[in-house]
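Student: Quick one: this structure, given as structure tokens, is what I'll be asking you about.
The values are calculated or read from the model by the stated rules, or taken from the named source; none is laboratory data. Fair warning: this is a prediction, and the values are worked out from it, not measured in the lab. We place every Cβ from the backbone using ideal geometry, glycine too, and count neighbours over all the protein chains shown.
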Amino acid sequence: MENRQSISRKATTWLLLLSICTCVAVFYIPTSTYACSCAEPVSVKSELSHSKVVFSGKVLSVKNKRSLNGYVTKDVIFEVSQTWKGVKESQIQITTGLGGGDCGIEFKKGEDYLVYGRDSDIYGKKQLVTLLCDRTVELASAKEDLGYLGDGKPPTKQIDSASDNSNMTFLFRTFVIVIVIVIGGIIGFFSWKRINNS
């Protein structure tokens, strides 16, 4: 009887550890790495035609995000000042890598940029991204692009995606924690019941 209780306790301990490790793995999976290689720079005309969105704006926030696939990316939220293609809202979120080998751009909070973005699955899932190989650049260095693009239009719809994004992150993390606690509780309850019935 004591042997059966000891085995049951060990099984419960291992199952609880497995649940905790699963929760931790959601946020700390090793990152996949790859090299970034850009071809010759494309013209403003070509970049405009291949981009889904083209706008200028100020960086409001830059947040690192780890996906379930193991990619670490940055979600960058911009306050849009002028738009040339695909943007109506006053704020927009663009994903990029951490920099260097993953083709990410080092955006600085409070700086203004001219951004070219497209739908891509380079970071594991299809999303709006901008890469080192695009013509995305600090607005002060975008004289050639702005000369070709001409005057943009102001956004027509006011939104606050920064607060929406933080709410979604909080809800996701809360959901994962609740699931792990529920699974641990169920495992603990049935183990306790088995021990008492032995």
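Student: Looking at the structure I just gave you, is residue 77 modelled with pLDDT of 70 or more, closer than 17 Å to residue 133 by Cβ, buried (at least 16 other Cβ atoms within 10 Å of the Cβ) and not basic (Lys, Arg)?
Tutor: no
Student: Further question on the same structure: Does residue 73 count as farther than 20 Å from residue 157 by Cβ, among the hydroxyl-bearing types (Ser, Thr, Tyr) and in contact (Cβ under 8 Å) with a residue 24 or more places away in the chain?
Tutor: Judged against the criteria, residue 73 is a match.
Student: Please go through (1) touching a residue at least 40 places away in the same chain (Cβ under 8 Å); (2) assigned to a loop (DSSP other than H, G, I, E, B); (3) in contact with a Ser or Thr (Cβ under 9 Å, 6 or more places away or on another chain) for residue 106 and return the number of the only condition it doesn't satisfy.
Tutor: (1)
Student: Against the condition loosely packed, with under 14 Cβ neighbours inside 10 Å, acidic (Asp, Glu), in contact with a strand residue (DSSP E or B) (Cβ under 6 Å, 6 or more places away or on another chain) and modelled with pLDDT of 85 or more, how does residue 111 come out, does it pass?
Tutor: yes
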